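The values are calculated or read from the model by the stated rules, or taken from the named source; none is laboratory data. Small disclaimer: the values here were computed from a predicted structure and weren't measured. Positions of Cβ are backbone-derived with ideal geometry, glycine not excepted, and every protein chain shown enters the neighbour counts. To get the accessible areas, we keep the full protein, side chains included, count just its heavy atoms, and leave off ligands, DNA and RNA. Shrake-Rupley method; radii C 1.70, N 1.55, O 1.52, S 1.80 Å.
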Amino acid sequence: MSSSRLSAWLRQVALCVLAGVAIAASAQPEPAAPHTFFRVKAAETLTAPVSGRLLLFLKQGSGDREVSIDEFQPTATWVAAQEIHDLEPGDSVELNADQMAFPKPFSELSAGLYEVQAVLDVAHNYNYTGRVPGDWISNVVMLAGWKPGSTAEPEIVLDHQAEEDPQRKATFEKLKATATADVARLEEFESPVLTRFWGRSTKIQAWVVLPPEYAKGGETYPTVYWTHGFGGGIDGALVSGLRIYERMKAGKMPPMIWVMLDESCRQGTHEFADSVNDGPWGMALTTEFIPAMEKKYRMDARRDGRFVQGHSSGGWASLQLEINYPKVFGGTWSTSPDPSDFHDFTNIDLYAEHANAYRMQDGSAVPLIRDKGKVLGTFEQFARLEQVLGPYGGQIASFDWVFSPKSESGAPQPMFDRSNGDVDPRVVAYWHDHWDLANVVQTHWAERGADLKGRIHVYVGTADTFYLDGAAHKMDSVLQGLGAEAHFTYIPDRTHMDLYGVGDDKQGLFDEISQQMWDVARPGKKWKSRE
């Protein structure tokens with residue numbers, strides 16, 4: 001090759017190499033935006049190291065005394081989380097607000113006026129209770145003109161503990177003072193079977209609300225076992241029980257004993273189910289607690305004088321107790337129960353091929369919460385927010401604790417993959433066989449049908465906030481096919497929150513329900529104010 005040809009060839013090679021380098025350079029991805037960090041400090045005034053789940057809440061605005069989440073506006077507040085251990089007084093920790101965050105990494109926030117507050121969830125129960133006394137919190141810090149990465153790390157100081165609202169506390173204490181022994185009594189029953197299961201003392205708690213004339217002695221009374229929905233507890237059970245007492249006193253409801261059960265637990269709500277994860281709560285209730293109460297109080301102590309009732313998760317609990325213990329209870333009056341037929345698990349058909357908790361068959365987002373026809377939140381949003389707040393005590397995780405088989409680690413197997421929403425058909429098969437109540441009734445109709453016929457009552461609004469009317473319709477159809485003579489009432493345009501309203505009376509549905517119970521317990525007999 002001549003020197004001129006060699007030079008030309010080398011120039012071509014050099015051009016090709018340079019072109020290749022340029023193409024490779026242009027193909028490189030844009031450098032990722034740096035993560036956003038906040039520095040959270042434990043105040044010097046703390047007297048001991050602190051541990052827990054550090055939660056950071058941020059939203060647009062100013063002037064608020066508290067920054068927190070709102071389930072009806074799930075993306076209005078951004079949340080970041082990080083576990084911390086033994087943070088000494090005066091020391092600080094960097095919280096990476098991109099690593100575990102909702103609805104997006106904080107680095108994606110645009111410049112603006114923000115408020116931020118830190119909460120140290122000491123007991124790891126924020127998902128169920130929110131901030132509670134004992135949690136460490138900071139003041140609300142205003143970030144004016146703040147943009148992620150453009151300024152120094154904001155510093156937030158955990159310097160005081162959350163306190164119960166003084167007005168709320170005073171109101172409850174005043175209410176509690178009216179719960180004299182003639183009105184309501186707190187029962188804390190240590191269950192042998194639950195204590196064996198957990199390896200530690202485990203109690204069933206309840207307020208026993210007595211009819212106004214109970215102290216006069218003599219007669220026995222029909223008894224209702226009531227339980228609350230998700231987020232409830234023993235204090236709320238007393239509040240609901242005293243409302244019922246006042247209705248009985250006013251002659252609006254027949255005289256009965258109401259046992260206001262607490263179904264809350266560290267994992268969420270155990271629903272008085274005999275779960276491989278939460279323990280045999282149904283067995284403990286029916287074989288230990290109820291016999292003990294019937295020895296202590298003047299209860300009818302027979303099936304047709306023993307009923308179950310509840311709303312939302314408590315509605316599902318009362319429904320499953322009747323279905324699984326039909327010889328113990330003479331009827332259930334379940335309102336807005338959690339999904340009772342998993343062909344419609346809040347809009348998700350768990351049995352569909354390639355079922356996904358986040359996406360409908362057409363690819364659209366699965367709606368979870370609505371109001372007046374408007375979708376306010378999706379299943380994915382709530383699942384992801386729950387994960388950031390902590391993998392314990394949330395409504396969706398609570399379903400796994402009640403319904404799922406155990407994994408090799410001992411934790412419940414998740415029904416779906418939190419990262420992409422894919423439903424695990426093996427776990428769903430277990431849910432179907434054990435906790436799809438429509439299937440359970442259908443499967444066991446031959447041996448339970450005679451005891452269940454005419455005993456199931458369900459009330460739900462046609463505009464239920466969490467779409468629970470869908471599953472109710474499907475279970476209703478199954479029971480109709482069995483000839484179960486179940487009573488399903490769909491109240492037009494009522495939501496999850498206002499179902500009990502009758503006219504101007506927000507709790508009026510209790511009167512109708514209790515009258516139906518009375519008619520089972522005392523057929524043909526009128527109670528005093530109705531004579």
Item to check | Simple label model, 7 Å out from Cα along Cβ direction - Lys147 to Thr129, nm | outcome: 4.2 nm
Checklist entry - By how many nm would the segment from Asn139 to Glu447 grow when fully extended, if each residue of separation counts as 0.36 nm and the alpha-carbon distance is taken off? => result 104.9 nm
Checklist outcome for this item: With Val441 itself left out, Lys, Arg at +1 and Asp, Glu at -1 over residues whose Cβ is under 14 Å from its Cβ give -4
Checklist outcome for this item: Classified through the alpha carbon gyration tensor (a ≥ b ≥ c as square roots of its eigenvalues; rounded if a/c is under 1.5, else prolate when a/b is larger than b/c, else oblate), the stretch 121-215 comes out oblate
Item to check | Ranked by how many other beta carbons lie within 10 Å on average, peptides 402-409, 256-263 from highest | outcome: 256-263, 402-409
Item to check | Accessible area of the stretch 310-423 belonging to carbon and sulfur atoms, whole % at 1.4 Å probe | outcome: 53 percent
Checklist entry - Could you state the number of Å between the C-alpha centres of the stretch 179-203 and the stretch 351-413? => result 32 Å
Checklist outcome for this item: Lys and Arg at +1, Asp and Glu at -1: neighbours of Glu188 with Cβ under 10 Å from its Cβ sum to -2
Checklist outcome for this item: Contact order relative to length for the stretch 441-531, counting C-alpha pairs under 8 Å separated by 6 or more residues, stands in percent at 27 percent
Item to check | Gain on full stretching of the segment that runs from Arg185 to Lys203 - 0.36 nm per residue minus C-alpha separation | outcome: 4.9 nm
Item to check | Solvent-accessible area per residue for the chain (1.4 angstrom probe, square angstrom) | outcome: 46 Å²
Next on the checklist: Taking 8 Å as the Cα distance limit and 6 or more residues as the minimum spacing, I'd like the relative contact order of the chain as a percentage.
Outcome noted: 12 percent
Checklist entry - By the gyration tensor of its Cα atoms, with a ≥ b ≥ c the square roots of the eigenvalues, what is the shape of the stretch 326-370: rounded for a/c under 1.5, prolate for a/b over b/c, or oblate? => result oblate
Item to check | Total formal charge among the other residues, if their Cβ is under 10 angstrom from that of Val502, Lys/Arg +1 and Asp/Glu -1 | outcome: -3
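Only helices at least 20 Å long along their axis, Cα-based, and averaging -1.0 or more on Kyte-Doolittle count here, so list those DSSP H runs from the chain.
Sorted by number, the helices that extend far enough and score high enough are 3-27, 234-249, 468-482.
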Checklist outcome for this item: Where a ≥ b ≥ c are root eigenvalues of the Cα gyration tensor, a/c under 1.5 meaning rounded, otherwise prolate if a/b exceeds b/c and oblate otherwise, the stretch 446-531 counts as oblate
Next on the checklist: Compute the distance from the alpha-carbon center of the stretch 36-55 to that of the stretch 488-507, in whole Å.
Outcome noted: 45 Å
Checklist outcome for this item: Residues whose modelled amide H sits under 5 Å from the amide H of Phe488, counting only those 5 or more places away in sequence or on another chain, are Val458
Item to check | Helix-derived mean residue ellipticity, 222 nm - over the chain, DSSP H n ≥ 4, -39500 (n - 2.57), to 500 | outcome: -9000 deg cm²/dmol
Checklist entry - How long is the gain from Asp493 to Lys525 if the chain were fully straight, where each residue apart is worth 0.36 nm and the alpha carbon distance is subtracted? => result 8.1 nm
Next on the checklist: Cβ neighbours within 10 Å, averaged per peptide: list 479-486, 170-177, 509-516 in order, most packed at the top.
Outcome noted: 509-516, 479-486, 170-177
